[in-house]
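The values are calculated or read from the model by the stated rules, or taken from the named source; none is laboratory data. Fair warning: this is a prediction, and the values are worked out from it, not measured in the lab. Neighbour counts run over all protein chains shown; Cβ positions are idealised from the backbone, glycine included. We work out accessible area using only protein heavy atoms, side chains counted, and drop any ligands, DNA or RNA first. Shrake-Rupley method; radii C 1.70, N 1.55, O 1.52, S 1.80 Å.
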Amino acid sequence: MSKIKILPEILANKIAAGEVIERPASVVKELMENALDAQSTRILISLENAGKSLIQISDNGIGMSRDEALLSIERYATSKIVTDEDLFSIQTLGFRGEALPSIAAVSRLVLESKDKHATIGTQIHIDGGKIKSVNDIGAPTGTQITVKQLFFNTPARRKFLKTTSTEMGHVVDTFTSMAMAWPTVQFRLTHNGKTVKDWVSAKDPVDRISDVMAQPIQDELIPVSAARNGISLQGWVSSARVHRSTSRNIYLYINNRYVRDRVVHHALMAGFSGKLVTGRFPVAVLFLSLPFDQVDVNVHPSKHAVRFASPNAVHDFVQQTVANTLQQKDRPAWAAPVTAATPNLRPVFPPQPKPDVRPDRPLAPSRLVQDHPVRQEAPAFTNFSQKTSPNLEVSEAQAPLWQTGFFQSLKIIGQLRDTYILCESRKEGLVVVDQHAAHERILFEKLKQARRDGNLESQRLLLPETIDLGFKEATILKQLIPELSRYGLEIEPFGGSTFVVKASPSMLGTKDIATLVTDMVEKIADLSVAKDTDQLLDHIYKLMACHGAIRANQPLSVEQQKGLLQQLDACEDPGHCPHGRPIWIQWRLSHIEKAFLRVV
């Protein structure tokens, strides 16, 4: 007796349903995609018990004839694929030919549809994959699908459904992501007879985004638009002032299909490099378009994952587009707008991420430096005065996008805990500068400029330092030695995984240079996506700048503080350090006076 058997069709359909239909949200997604492919301009969704009891989706699309309706519930039946070439050049949202039969296999489904040329519609009743009846009915043009008792015949699957609120959350997320990409379509979602979302068609896509976000974010969105080599990117990203603790407000679309793609997501975050602190995420709605034969959407039944023919090209294009957009549009301003209406003492931040501090409590130094830990021991420190610093010259390409001389115009009051420079602004009040973040920004931009100019000076170590690395790190360092030499880092192999450091960049000093090299190599080893030269160099700049910058808890003379502020004025971006932490904050005089009840 053979141990291998052909599965019954009903069981095969249930297995297919398990791949495609995970929860009520999966049903909503598949049926919404079909409705959109049918050129609908209005999609109405009604749920009971978060879809576990009822899912009903109605559209005003092109509808189906009687024969088409019967074919639509057969496995692998589709109107969207004809040839092999079509399979690898998907131009629609639904394509696998499994959605309707898979849903029907695990529910009690009623399909009602009429195309515009017919005078009468068709109604099909299916229970657990078996057709119970086919009837003629009166119906408007379009399609309505009613799904009852999802997973009624697969109790193991139904057992794993979550609470009503959890499942409803998944449905709303799916509904939202679809509605975002189709602003000209009206979408309505009701649950247990109550309207949850109702978005009318919008002429301007940004209006739909504002409706979906349900928060006053429209003024903080920056348009993104670029095209290169057949790839285009459109959409919006938030300014660095607006950020979230999760990536839930990042919506990525490829050829108008909502996806959760690691390549594009990583490229987006790389474009924000230096703008956001670790653990913070922007708000973004991005639409990436590319030739259909350059992206495979047939990777997984859920259709959330895609595969690019040239992932590196896509990554570089998205990263550069986002970075260029932020550079051009999200330039630092004098101060962020004040929205507080209370007399509490509230700091006004420059346009970069805010530290996690209570506005009505004093700022503790540890709260501002915890995102980017620094060594507390103080390296050799040079005077920052323009008169004595040979590295203060700044090229035209590095001209400040900022009020010239702003920091130099401040009156230095003192130093708080040898970490923050307290300054008085005659018009604006109190300005507090983080000395480590400020010096880090200065060194970061000097390193980049020195590499462009090819004049980065080195300083030989009195005693060469030895470094022992792991195999992977040693391999990376061998490849980096020629590039690092351009920064004044002279490194030579010393056999096996051992290296000797003989010289370092003059502006960084010579203290603990081996630690810098080790940290640098380990950081680069951790990179897993888009290991291109520009990204590697950016990490090198950041690590060098952090290593060479003055530390927290390091006392500075008044002249050194003045020199620091002078050089900060010459920076392209004096608002935040290379890692995204704020360099300065301010309390306006009006807020200080309100706090002391001097004004009403």
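Return the loop-located trypsin sites (Lys or Arg not before Pro) in the range 407-489 (DSSP other than H, G, I, E, B) with at most 15 other Cβ atoms within 10 Å of their own Cβ; answer none if there are none.
R417, R426, K427, R486
With point charges of +1 on the Cβ of Lys and Arg and -1 on the Cβ of Asp and Glu, referenced to the Cα centre of the range 28-73, which listed residue (N34, L47, S58) lies farthest in the positive direction of the dipole?
L47
Once Rh is set to the Kirkwood radius over Cα pairs, what Stokes-Einstein translational diffusion coefficient, in µm²/s, holds for the range 471-600 at a temperature of 37 °C and a viscosity of 0.692 mPa s?
184 µm²/s
Out of residues 5 or more away from A503 or on other chains, whose amide H comes under 5 Å of its own, with H placed 1.01 Å from N in the peptide plane?
L461, E490
List the pairs from K29/K148; K114/K197; K114/K203; K162/K197; K52/K194 whose alpha-carbon separation is above 18 Å, in the order I gave them. Working shown, then result.
Details: K29/K148 16 Å; K114/K197 27 Å; K114/K203 28 Å; K162/K197 22 Å; K52/K194 16 Å.
Going by Cα-Cα distance, K114/K197; K114/K203; K162/K197 fall outside the 18 Å limit.
Suppose accessible area is computed on protein heavy atoms with a 1.4 Å probe; arrange S504, S58 from highest to lowest.
Reading off the accessible areas and sorting them downward yields S58, S504.
Leaving ligands and nucleic acids out of the surface, order S506, S210 by accessible area at 1.4 Å, largest first.
Ranking S506, S210 by accessible area, largest first, yields S506, S210.
When the accessible area of the range 439-504 is split by element with a 1.4 Å probe, what percent falls to carbon and sulfur?
The value for the range 439-504 is 52 percent carbon and sulfur by accessible area.
Say the dipole of the range 399-557 comes from +1 at the beta carbon of Lys and Arg and -1 at that of Asp and Glu; which of S409, F499, T518 then lies farthest toward its positive end?
S409
Using a 1.4 angstrom probe, figure out how much accessible area the range 432-505 has per residue, in square angstrom, rounded to the nearest whole.
47 Å²
Once the other residues with Cβ under 12 Å from the Cβ of Y251 are scored (Lys, Arg +1; Asp, Glu -1), what is the net sum?
+2
Looking at the range 424-471, which GluC sites (Glu not before Pro) are DSSP coil and have at most 13 other C-beta atoms within 10 Å of their C-beta? List each step's numbers first, then the result.
Working: sites: E424, E428, E440, E445, E457, E465; in loops: E428, E457.
Those satisfying the criteria are E457.
Which three numbers, in whole Å and largest first, are the semi-axes of the equivalent ellipsoid of the range 163-222 derived from its Cα gyration tensor as √(5λ)?
Over the Cα atoms of the range 163-222, the ellipsoid semi-axes are 22, 13, 10 Å.
Taking K and R as +1 and D and E as -1, what net charge do the other residues with C-beta under 12 Å from the C-beta of I442 add up to? Let's see the in-between values first.
Details: positive: R441, K446, K448; negative: E440, E445, D569, E572, D573.
Computed value for this residue: -2.
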